[in-house]
1. So Ala99 fits all but one of (1) at pLDDT below 95; (2) touching a Pro at 6+ places or on another chain (Cβ under 7 Å); (3) aliphatic (A, V, I, L, M); what number is the exception?
2. Would it be correct to say that Lys116 is modelled with pLDDT under 90, open to solvent by less than 80 Å² (accessible area, probe 1.4 Å) and not small (Gly, Ala, Ser)?
3. Hey, does the stretch 88-97 have a residue that's surrounded by 14 or more Cβ atoms within 10 Å (Cβ to Cβ), among the small types (Gly, Ala, Ser) and in contact (Cβ under 8 Å) with a residue 12 or more places away in the chain?
4. In the stretch 131-157, which residues are open to solvent by less than 40 Å² (accessible area, probe 1.4 Å), assigned to a strand (DSSP E or B) and not hydroxyl-bearing (Ser, Thr, Tyr)?
5. Please go through the stretch 107-130 and give me each residue that is part of a strand (DSSP E or B) and within 19 Å of Thr13 (Cα to Cα), ordered by number.
6. Among the residues of the stretch 44-72, how many are closer than 19 Å to Ile104 by Cα, open to solvent by less than 90 Å² (accessible area, probe 1.4 Å), part of a loop (DSSP other than H, G, I, E, B) and touching a Phe, Trp or Tyr at 6+ places or on another chain (Cβ under 9 Å)?
7. On the given criteria, is Lys75 open to solvent by 80 Å² or more (accessible area, probe 1.4 Å) and either part of a loop (DSSP other than H, G, I, E, B) or within 18 Å of Thr7 (Cα to Cα) (or both)?
Amino acid sequence: FECVSLTENRQITCIDINLANPDLIAVGYGEYDISCIDDSKLKHGLLCFWTLKNPTYPELTIRTEHSITCCAYAKKKKNMIAVGDSHGNIAIYNIQQCALQGEIKPIAESKGIEDKHNDIVWEVQWVAKEDKEETLVSISGDGRIIEWSLRKGLELTELF
């Protein structure tokens, strides 16, 4: 799975396979330079959706402002994927909607939320709750574990 024009000089930072469609693989890309203090010199993040049928070019590409550090498909709503980035942001995309409309925007994001993570998001996981929708749990270099709910936009509850 390589498309030099898109992925050149980017490290693969995460991968997840869609359980409903195991042919669909999400791969996150980022660029890390610990000594770089000017974000404008770093490349944007990239989430590519590859299929086994076409390993030479992704089916869908999502560009993010910062390096993607983690991604996870939802377990119940298979068309939803969450990503975390190097600046503490969480974004949730409906990939079916993105593919149909051609507009690649998150359905929810933490960018404008005051209490969001303030360091690299290391992992995101969807958690199924009894009689409720799935929630998203994230861990970060800031030492916090946050549960995210999609009830009214993106709301957070700090677990630790």
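1. Here Ala99 meets the rest and fails (2).
2. no
3. Taking every residue of the stretch 88-97 in turn, at least one turns out to be surrounded by 14 or more Cβ atoms within 10 Å (Cβ to Cβ), among the small types (Gly, Ala, Ser) and in contact (Cβ under 8 Å) with a residue 12 or more places away in the chain.
4. Leu136, Val137, Ile146, Glu147, Trp148
5. Val121, Trp122, Glu123, Val124, Gln125, Trp126
6. Number satisfying all stated conditions: 2.
7. Yes; evaluated as a whole, the condition is true for this residue.
The values are calculated or read from the model by the stated rules, or taken from the named source; none is laboratory data. Quick caveat: nothing in here was measured; it's all calculated off a predicted structure. Using ideal geometry, Cβ is built from the backbone for each residue, glycine included, and neighbour counts are taken over all protein chains shown. Keep in mind that these areas ignore ligands, DNA and RNA; they rest on the heavy atoms of the full protein, side chains included. Shrake-Rupley method; radii C 1.70, N 1.55, O 1.52, S 1.80 Å.
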